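These notes are about the structure you will find just below.
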Amino acid sequence: MGSKIDAVGLSTPGFFRRGSIEMEIKAAKDCLKNAELDPNMLGILVNTGIYRDHHIGEPAIATFIQRAIGANELFTGDRTTFAFDLTNGGCGMLTGVMVVDGFLQSGTIDYGMVVTADTDPVPGESQGYNYTPAAAAMLLSRSAEGGGFIHFKAATEARFIDDLRGRIEWKQHKRKMKNILVMSQAEGFARACAQFTMENLDAFLKETSLKMKDIDLIIPSQSPTGFLGELKKKKGMEEKLVDVTDKLENVHTAGIGFALERAMSSGRFSAAKNCLFLTVGAGITVSLALYRNL
């Protein structure tokens, strides 16, 4: 018995919606609306965004979202919403799903949500930042039929730890010394990500007693730059991958949310028996999950 996806919510910048928190709130509200769920039913709310407004570290961004959507803002003693941040780069949203799944399977909660967003923290004060600003939310509940997320796997490869970097540096910017976000991606990093992903996919398929031909659909990371292009070169991958970079180039942590929504709206997701979620990020870190539709 796994955790099933009840709804997805998405958000991109609007006239009155520019920051990562505002986008996450919009995505979370839309997600709840799509599921027709009272926000007070949320037992857990996890934020997994990396690049946030003004580099806010505390309090947890998840608590801002919890208050804005009205999820048990006041403690009454009989129902609460556990809200916290979890960061794992491009794998963050799927890692959040794995954590929520644990709470659901234990019976501690009935509903959980993972929300994520990335945007340039201080526009005009960064170098090399090229992620498309976007937010996504995913609502999960316990499946009574035995489908949903049924297997997870994560792995890391430290040899490429410096090939994708984002750090704050004290340096001159517009004739003044400032703390600047400096990002860089090494040549060949996307190729290394694709290779490490395929190695772990082989192990994942063995763990689940499946073959590549049994996978009907793949919901992948839409970043880093060049990753999807490298994956498409691998035998049997291109026709199964959901690619949204034609609309939103280089979406970071929200990438699988946008890919999932496109697959849902086109009918590809419901038609797929075995759906593979596949995410990659700096490290290299790879996270995979098998979702089964019954």
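So which of 166, 128, 148, 124 is on the phi > 0 side of the Ramachandran plot and surrounded by 15 or more Cβ atoms within 10 Å (Cβ to Cβ)?
Details: 166 fails: on the phi > 0 side of the Ramachandran plot; 128 fails: surrounded by 15 or more Cβ atoms within 10 Å (Cβ to Cβ); 124 fails: surrounded by 15 or more Cβ atoms within 10 Å (Cβ to Cβ).
Of the residues listed, the single one that is on the phi > 0 side of the Ramachandran plot and surrounded by 15 or more Cβ atoms within 10 Å (Cβ to Cβ) is 148.
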Going through segment 124-149 in order, the residues found to be closer than 21 Å to residue 280 by Cβ and out of contact with any Asp or Glu (no Cβ under 9 Å at 6 or more places or on another chain) are 128
Residue count, segment 244-294, condition touching a residue at least 40 places away in the same chain (Cβ under 8 Å), out of contact with any Phe, Trp or Tyr (no Cβ under 6 Å at 6 or more places or on another chain) and hydroxyl-bearing (Ser, Thr, Tyr), comes to 4
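Say we look at segment 38-58 and pick out the residues that are over 20 Å from residue 112 (Cβ atoms) and not in a helix (DSSP H, G or I); which of these is modelled with the lowest pLDDT? Please lay out each step first, then the result.
Going through segment 38-58, the residues over 20 Å from residue 112 (Cβ atoms) turn out to be 50-58.
Imposing the further condition that a residue be not in a helix (DSSP H, G or I) reduces the set to 50-52, 56-58.
Working: 50: 93, 51: 91, 52: 90, 56: 88, 57: 83, 58: 86.
Only one residue tops the list, namely 57.
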Note on segment 43-97: residues surrounded by fewer than 21 Cβ atoms within 10 Å (Cβ to Cβ), more than 27 Å from residue 123 (Cα to Cα) and among the aliphatic types (A, V, I, L, M) are 74
Based on what the data block shows, is residue 94 part of a helix (DSSP H, G or I) and touching a Phe, Trp or Tyr at 6+ places or on another chain (Cβ under 9 Å)? yes
Taking segment 7-37 and keeping only residues that are at pLDDT 95 or above and part of a loop (DSSP other than H, G, I, E, B), one is left with 36, 37
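Across segment 40-54, what is the total count of residues that are in contact with a strand residue (DSSP E or B) (Cβ under 9 Å, 6 or more places away or on another chain) and either free of Cβ contacts under 8 Å to residues at least 40 places away in the same chain or farther than 22 Å from residue 94 by Cα (or both)?
Step one: filter segment 40-54 for residues in contact with a strand residue (DSSP E or B) (Cβ under 9 Å, 6 or more places away or on another chain), giving 41-52.
Among the residues that remain, those that are also either free of Cβ contacts under 8 Å to residues at least 40 places away in the same chain or farther than 22 Å from residue 94 by Cα (or both) are: none.
Qualifying residue count, segment 40-54: 0.
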Taking segment 105-117 and keeping only residues that are at pLDDT below 95 and surrounded by 18 or more Cβ atoms within 10 Å (Cβ to Cβ), one is left with 109
Pairs returned, first residue in segment 151-166 that is polar (S, T, N, Q), second residue that is in a strand (DSSP E or B) and crowded, with 17+ Cβ neighbours inside 10 Å, beta-carbon separation under 8 angstrom, 6 or more apart or interchain, are 156/285; 156/286
Exactly one of 78, 163, 110, 101 is under 15 Å from the mean Cα position of the chain (by Cα) and of a type in the set (D, E, K, R), and that residue is 101
Quick one: is residue 279 part of a loop (DSSP other than H, G, I, E, B), within 14 Å of the chain's Cα centre (by Cα) and either modelled with pLDDT of 95 or more or among the hydroxyl-bearing types (Ser, Thr, Tyr) (or both)?
no
Across (1) touching a residue at least 12 places away in the same chain (Cβ under 8 Å); (2) in the same structural domain as residue 54 (by TED's automatic domain parsing), residue 124 clears everything bar (1)
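Those residues that are in a loop (DSSP other than H, G, I, E, B) and buried (at least 17 other Cβ atoms within 10 Å of the Cβ), I need them from segment 244-255; list them, please.
So in segment 244-255, the residues in a loop (DSSP other than H, G, I, E, B) come out as 244-250, 252-254.
Result: 244, 245, 248, 250, 252, 253, 254.
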Among (1) surrounded by fewer than 20 Cβ atoms within 10 Å (Cβ to Cβ); (2) within 30 Å of residue 179 (Cα to Cα), residue 34 falls short only on (2)
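For segment 104-121, does any single residue satisfy the condition of being closer than 16 Å to residue 6 by Cα, among the aliphatic types (A, V, I, L, M) and part of a loop (DSSP other than H, G, I, E, B)?
Of segment 104-121, the ones closer than 16 Å to residue 6 by Cα are 104-105, 109-115.
Retained after the next criterion (residues that are among the aliphatic types (A, V, I, L, M)): 104, 109, 113-115.
From what is left, the residues that are part of a loop (DSSP other than H, G, I, E, B) are 109.
Yes, some residue in segment 104-121 is closer than 16 Å to residue 6 by Cα, among the aliphatic types (A, V, I, L, M) and part of a loop (DSSP other than H, G, I, E, B).
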Residue set 144, 158, 154; condition in contact with a strand residue (DSSP E or B) (Cβ under 6 Å, 6 or more places away or on another chain) and either among the aliphatic types (A, V, I, L, M) or more than 28 Å from residue 244 (Cβ to Cβ) (or both); output residue 154
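The values are calculated or read from the model by the stated rules, or taken from the named source; none is laboratory data. All values derive from a computational prediction rather than experimental measurement. Reconstructed Cβ throughout: ideal geometry from the backbone, glycine too, with neighbour counts over all protein chains shown.
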